[in-house]
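I have placed the structure first, in the form of structure tokens, so that the comments after it can refer back to it.
Coordinate-derived values only; no laboratory data. Computed from a predicted model, the values in this text were never measured in an experiment. Cβ sites come from the backbone with ideal geometry, for glycine too, and all protein chains shown count toward neighbours.
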Amino acid sequence: MSSPDPTAIVADTEGIIREWSPALADFFGYSAAEATGCKVDMIVPHALRGRHWNGFDKAITTGSLKRDGKPFTVVALHKNGKLVPIRAMLQLTRSDDGTVTGAKATILGRAPAWIAPVARAFLALPGVRKPAPNKHA
Ligand code: HEM
């Protein structure tokens, strides 16, 4: 049986992965069985986790996204520890009555490989390395 969306990561309001398309093993190294039930920050580089969670929690609480459905480039953390530049977009998920049930990331493809070493150098800067305080830490 194939998933209707081969590139989706669906998380609940706590950021726990509820759906992980099997094809994402090619991008991040984790099978659906490994990823489901984990927090989405397993694929967020450490230095970006604070910003990710602050943005995530704000989106869940307010019911709106800064970049609703707009493609962006970001570096993800592969299971093997390497940085993977990707193109992605975010949407909120809702129940029939409109209540926010979580967030969905659609992985659109790979971004150029040269982004990884540039991102690694940036993330290694002393001021960047410290994750911002967040309730998931
Ligand atoms: C692939 C690795 C990821 C990285 C590096 C990452 C990083 C970030 C960063 C830096 C922000 C803050 C953006 C800002 O302040 O403008 C953010 C926001 C956010 N992230 Fe992540 N994230 C990742 C994966 C995910 C996944 C898998 C989901 C959900 C399934 C998710 C959901 C969100 C949401 C909902 C926001 C708020 C966005 C908005 O308001 O437009 N992220 N993330």
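Summary of packing: across the peptides 112-119, 77-84, 62-69, the per-residue average of other C-beta atoms within 10 Å ranks them, highest first, as 77-84, 112-119, 62-69.
Summing Lys and Arg as +1 and Asp and Glu as -1 over all other residues whose Cβ lies under 15 Å from the Cβ of LYS79 gives a net charge of -1.
Our summary gives the stretch 8-129 a relative contact order of 25 percent, counting only alpha carbon pairs under 8 angstrom and 6 or more residues apart.
Label positions at ASP68 and HIS136, each projected 7 Å from the Cα along the C-beta direction, are separated by 2.1 nm.
Give, in whole angstrom and from largest to smallest, the semi-axes √(5λ) of the equivalent ellipsoid of the chain, with λ running over the eigenvalues of the Cα gyration tensor. Please list the in-between numbers first.
Details: eigenvalues 104, 72, 37 Å².
Taking √(5λ) for each Cα gyration eigenvalue gives 23, 19, 14 Å.
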